[in-house]
Amino acid sequence: MSEAFVNSAFLALSGGFQDAYTYNTREEVFSNAQTGNVVLMSQHFMAGEWQAAFRYLLPLLAFAMGVLIAEQIQHRYKYAKRLHWRQGVLLIEIAILFLVGFIPVRYNMAATVFVSFACAMQVQSFRKVDGYSYASTMCIGNLRSGTASLSVYLREKKPEQLRQCFYYFGIILLFAIGAGVGGNLSATYGIHMIWFSCGLLLISFFLMSLEKWK
């Protein structure tokens, strides 16, 4: 179930929502799109705007730390029987995002750092959809893989390549929907809207639980 498309759909919706949330409510800093953060960070550093540059550096470091922690959790609890290690990661992510909803706007940097950390744990833990490598919190890799699959299908006419293409572009579409919903809800209703993302992740958690119960 952790690799099923239906599960990946909720993860992608949540990933898009989180990025739009931090951009719209937390001073226009991305939680997932670290490439954008690197570009803006470098621009501010080159201009001597150190305080502005650190706004983008800290989420970048938090993202790296999230990947590190998720990998350690996988290594230590990979064979746990009571609770799948990926479900444990989801619970940690949900708890972090739930707390972010209480962080006031004067601590926007802390909120963005926490969201970046949570996003990194998600992208490190859920890396395949139906056996294909993908990312649930960003689009560039999915766009490359989906377009490459389409190119191979046009040349070789293999249904498997077309199926792979639909998976990647489907994930991109769901990410975009999550970002659109997240952006509008966050801009209209404010910082508490991150709890919507928690709900999406809870659905993913229960989908994995249903498989275990069966």
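Every read-out reported here was derived from the displayed coordinates using simple, explicitly stated rules and does not represent laboratory data. Small disclaimer: the values here were computed from a predicted structure and weren't measured. Every residue, glycine among them, receives a Cβ derived from its backbone with ideal geometry; neighbour counts consider all protein chains shown.
Compute the acute angle (0 to 90°) between the alpha-carbon long axis of helix 5-25 and the principal axis of greatest extent of the alpha-carbon atoms of the chain; round to the nearest 10°. Long axis of 5-25 versus the principal axis of the chain: about 10 degrees.
Protection proxy ranking, highest mean first, for peptides 69-79, 114-124: 114-124, 69-79, where packing is the per-residue count of other beta-carbon atoms within 10 Å, averaged. Bridgeable aspartates and glutamates around K81 (alpha carbons under 17 Å apart, same-chain partners fewer than 8 residues away excluded): E211.
A convex hull fitted around the alpha carbon atoms of the stretch 114-196 yields 93 Å³ per residue. Against the chain, whose longest principal axis comes from its Cα atoms, helix 159-189 is set at around 30 degrees.
Our estimate of slack between R106 and K78, defined as 0.36 nm per intervening residue step minus the Cα-Cα distance, is 6.2 nm.
Each Cα pair under 8 Å and six or more residues apart adds its sequence gap; the mean of these over the residue count of the stretch 84-162 is a relative contact order of 21 percent. Against the main long axis of the alpha-carbon atoms of the chain, helix 50-77 sits at an angle near 40°. Within the listed set S14, S204, S149, the residue fluctuating most in the Gaussian network model of the chain (springs between alpha-carbon atoms under 10 angstrom) is S149. Computed from the C-alpha gyration tensor, the three semi-axes of the ellipsoid equivalent to the stretch 7-97 are 30, 16, 9 Å, from longest to shortest.
Extent along the principal axes, Cα only, for the stretch 5-213: 52, 44, 35 Å, with the longest axis given first. Taking 0.36 nm per residue of separation and subtracting the Cα-Cα distance, full extension of the segment from R163 to S133 would add 9.4 nm.
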